[in-house]
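Bear in mind that the values in this text are calculations on the coordinates, not laboratory data. Here the structure is a predicted model, which is why all the values come from computation and not from measurement. Heads up, the Cβs are rebuilt from the backbone with ideal geometry, glycines too, and the neighbour counts pull from every protein chain shown.
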Amino acid sequence: MAEYFLDINIFMHAAGKPHKFKEPCVTVLSSVASGDLSAAADAEVFQEIRLVAN
């Protein structure tokens, strides 16, 4: 199974207001959570999320 990189945009669109990319991003994260999609993110993505959240 191929492994995909999750960019900050996947998380931000999934958590954000209604947008044309919201549902596809939620679907991607749901697929990762269920084990149907293999994906990774690096520490910088999580640092960006922390910066945006504050």
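Add +1 for every Lys or Arg and -1 for every Asp or Glu among the other residues with Cβ under 9 Å from the Cβ of I8, and state the total. So the surrounding residues net to -3.
In debye, nearest 20, what is the charge dipole magnitude of the chain about its Cα centre with +1 on Lys and Arg Cβ and -1 on Asp and Glu Cβ, if you could check? Don't skip to the end; give the middle numbers.
Working: 4 positive and 7 negative charges, 67 e Å.
My answer is approximately 320 debye.
Taking a sphere under 15 Å around the Cβ of R50 and counting the other residues whose Cβ falls inside, with K and R at +1 and D and E at -1, yields a net charge of -3.
Modelled label positions at N54 and Y4, each set 7 Å beyond Cα in the direction of Cβ, lie 3.1 nm from each other.
Give me the one-decimal nm value for the distance between modelled label points at V26 and Q47, 7 Å along each residue's Cα-to-Cβ direction. Going from the V26 label point to the Q47 one covers 3.1 nm. Just check the chain against the gyration tensor rule for me: Cα atoms, a ≥ b ≥ c as the square roots of the eigenvalues, rounded for a/c under 1.5, and otherwise prolate or oblate depending on whether a/b exceeds b/c. Cα axes put the chain in the oblate bin.
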